[in-house]
1. Give just the number: which of (1) under 24 Å from R95 (Cβ atoms); (2) touching a residue at least 12 places away in the same chain (Cβ under 8 Å) does K35 not satisfy?
2. Would you check if G61 is out of contact with any helix residue (DSSP H, G or I) (no Cβ under 6 Å at 6 or more places or on another chain), at pLDDT below 85 and among the small types (G, A, S)?
3. Of the residues that sit in segment 1-10 and are in a loop (DSSP other than H, G, I, E, B) and over 17 Å from the mean Cα position of the chain (by Cα), which one is farthest from W71 (Cα to Cα)?
4. Restricting attention to segment 17-49, which residues are among the hydrophobic types (A, V, I, L, M, F, W, C) and either open to solvent by less than 50 Å² (accessible area, probe 1.4 Å) or assigned to a helix (DSSP H, G or I) (or both)?
5. Which one is farthest from the chain's Cα centre (by Cα), of the residues in segment 82-94 that are open to solvent by less than 50 Å² (accessible area, probe 1.4 Å) and not small (G, A, S)?
Amino acid sequence: MCGPNDRVQFLHLAANQAKRRGRQIKMRPDWEDRKLTIMHNLLVHKFNENLELIPKLLDTGGAVLVEGNTWHDNYWGMLQLPRCGGNCGRNNLGRLLMQLRADYMESIGR
């Protein structure tokens, strides 16, 4: 399982490199059950550490946020593929961002 020493190797990698390297790490046994919560916590941390991102997120208003990608990640994102009849994918990253946006809006009384 990935431990503190394994995490250091990801600090300076580009996203695509980290994803490729992550495929070689043995995941925690409860990863499938916990990954949404872990990603939510990472997003909260990211926005709280980079406060300039919050207004940008809020400026999206009520828009549907979609994590589009070309690497066929239909768990975190959504793809537009003719074979799917249009959009396919769970868009979990987009959903988490919209929930975070709603939380920030509620906290400021918007």
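The values are calculated or read from the model by the stated rules, or taken from the named source; none is laboratory data. What you are looking at is a predicted structure, and each value in this text was computed from that prediction instead of being measured. As a convention, Cβ positions derive from the backbone with ideal geometry for all residues, glycine included, and neighbour counts pool all protein chains shown. Areas reflect the complete protein model, heavy atoms only, side chains present, ligands, DNA and RNA absent. Shrake-Rupley method; radii C 1.70, N 1.55, O 1.52, S 1.80 Å.
1. Unmet for K35, out of (1) under 24 Å from R95 (Cβ atoms); (2) touching a residue at least 12 places away in the same chain (Cβ under 8 Å): (2).
2. no
3. G3
4. Answer for segment 17-49, where residues must be among the hydrophobic types (A, V, I, L, M, F, W, C) and either open to solvent by less than 50 Å² (accessible area, probe 1.4 Å) or assigned to a helix (DSSP H, G or I) (or both): A18, I25, W31, L36, I38, M39, L42, L43, V44, F47.
5. Of everything passing the filter in segment 82-94, C88 is farthest from the chain's Cα centre (by Cα).
A quick yes/no check of all residues on (1) surrounded by 10 or more Cβ atoms within 10 Å (Cβ to Cβ); (2) outside any loop (DSSP other than H, G, I, E, B); (3) under 15 Å from the mean Cα position of the chain (by Cα):
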residue: L51; (1), (2), (3): no, no, no
residue: K56; (1), (2), (3): yes, yes, no
residue: G62; (1), (2), (3): no, no, no
residue: L65; (1), (2), (3): yes, no, yes
residue: D73; (1), (2), (3): yes, no, yes
residue: W76; (1), (2), (3): yes, no, yes
residue: Q80; (1), (2), (3): yes, yes, no
residue: M98; (1), (2), (3): yes, yes, yes
residue: M105; (1), (2), (3): yes, yes, no
